[in-house]
Amino acid sequence: MRSKQLDLGKYDTDKIRNSYLDRYDSVLEPWVNKEIILLELGVYKGGSLCLWRDYFPYGKIIGTDLKLPQNRDLGERISLFQGNQTDVGFLSGMSRQVAPEGFDIIIDDASHIGITTRITFWHLFDYHLKPGGLYVIEDWGTGYWSDWVDGRNFRKRLQLLAKAWQRIQSRWHFCNRLPIKLPIRSHDYGMVGFIKELVDEQGAADLTRKSNKGQPARNSKFACLLIKPSIVFIHKAL
Ligand SMILES: C[S@@+](CC[C@H](N)C(=O)[O-])C[C@H]1O[C@@H](n2cnc3c(N)ncnc32)[C@H](O)[C@@H]1O
């Protein structure tokens, strides 16, 4: 595990405070000793960029933020760009300059707002992530928080209805065959709603074949979608 080889105490980042590296380690392993280009959206003081620089000894590390830290000299192999993560012109200009062949790894640790994260994701994933590359989205669980800007906990009334229906189904099994489709509790907004959109993309082959006998119109753009607590990893298909 690469993080066990580093002196983690010297990096000022939530990734250490929240023990996120345990979730990252196994996923990042194939890239550790390669000459990768990594982009992180959301720099704050730059602590995570220093961590990634040391984590990937041959890596080129790029950070973007709405507002860059006062100390902009984070050492060799780190470059900073100021801009909004929803500004696709800015994202493309920066990407063409530093990673004309595409990024190997992109990490979104910026707004944690569903609509913003979604705009950034589809632009960078489609146009600026290499085939076989990795896209990471942090803190998707904000979508469950009632006090987050676009978060919301489950609606109580729907939950009660779903529970009552479950009880009926477990008692009278013929109910399972009735053409009644009660919603399973879900989100169609915020970060969790966006993650559900990623689940739909992972299921593209079934989604586009529409029925048991149909043929898929296309396969997923994702090789694999891995959802861990607080962090989602999306491997781009080759
Ligand atoms: C959680 S902090 C980043 C922490 C950093 N990655 C670390 O681990 O030390 C989030 C950062 O995202 C930036 N941010 C928020 N909304 C943004 C947006 N729409 N575009 C670009 N950056 C944004 C904020 O300015 C803030 O510095």
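The values are calculated or read from the model by the stated rules, or taken from the named source; none is laboratory data. Please read these numbers as outputs of a predicted model, since none were measured by experiment. Reconstructed Cβ throughout: ideal geometry from the backbone, glycine too, with neighbour counts over all protein chains shown. The protein model used for the area step is the full one, side chains on, heavy atoms only, and it has no ligands, DNA or RNA in it. Shrake-Rupley method; radii C 1.70, N 1.55, O 1.52, S 1.80 Å.
Being open to solvent by 40 Å² or more (accessible area, probe 1.4 Å) and in a helix (DSSP H, G or I) is a condition met by no residue of the range 147-155.
The one condition from (1) assigned to a helix (DSSP H, G or I); (2) surrounded by 16 or more Cβ atoms within 10 Å (Cβ to Cβ); (3) within 13 Å of the ligand (Cβ to nearest atom) that residue 115 does not meet is (2).
Restricting attention to the range 49-65, does a residue exist that is at pLDDT 95 or above, assigned to a loop (DSSP other than H, G, I, E, B) and of a type in the set (Val, Ile, Thr)? No: the range 49-65 contains no residue that is at pLDDT 95 or above, assigned to a loop (DSSP other than H, G, I, E, B) and of a type in the set (Val, Ile, Thr). Among residues of the range 193-219 that are part of a loop (DSSP other than H, G, I, E, B), those with a beta-carbon under 6 Å from a residue that is among the charged types (D, E, K, R) and open to solvent by 30 Å² or more (accessible area, probe 1.4 Å) at least six positions away or on a different chain give the pairs 208/218; 215/209; 216/209.
Applying the criterion of being touching a residue at least 40 places away in the same chain (Cβ under 8 Å) and open to solvent by 10 Å² or more (accessible area, probe 1.4 Å) to the residues of the range 21-41, the residue that is nearest to the ligand (Cβ to nearest atom) is 23.
State the number of residues belonging to the range 210-238 that are at pLDDT below 95 and among the basic types (Lys, Arg).
2
Can you name every residue in the range 122-141 that is within 13 Å of the ligand (Cβ to nearest atom) and open to solvent by less than 10 Å² (accessible area, probe 1.4 Å)? Scanning the range 122-141 gives 124, 136, 137, 138.
Which one of these is out of contact with any strand residue (DSSP E or B) (no Cβ under 7 Å at 6 or more places or on another chain), of a type in the set (Phe, Trp, Tyr), within 16 Å of the ligand (Cβ to nearest atom) and open to solvent by less than 60 Å² (accessible area, probe 1.4 Å): 90, 81? Spell out how you get there, then give the answer.
Working: 81 fails: out of contact with any strand residue (DSSP E or B) (no Cβ under 7 Å at 6 or more places or on another chain).
Residue meeting the stated conditions: 90.
Which residues, counting only those in the range 96-108, are touching a residue at least 24 places away in the same chain (Cβ under 8 Å) and either farther than 11 Å from residue 63 by Cα or touching a Ser or Thr at 6+ places or on another chain (Cβ under 7 Å) (or both)? Selection gives 98, 99, 101, 102, 103, 104, 105, 108. Determine, yes or no, whether residue 75 is more than 13 Å from the ligand (Cβ to nearest atom), touching a helix residue (DSSP H, G or I) at 6+ places or on another chain (Cβ under 8 Å), assigned by TED's automatic domain parsing to the domain that holds residue 38 and modelled with pLDDT under 95. For residue 75, the condition - more than 13 Å from the ligand (Cβ to nearest atom), touching a helix residue (DSSP H, G or I) at 6+ places or on another chain (Cβ under 8 Å), assigned by TED's automatic domain parsing to the domain that holds residue 38 and modelled with pLDDT under 95 - is met.
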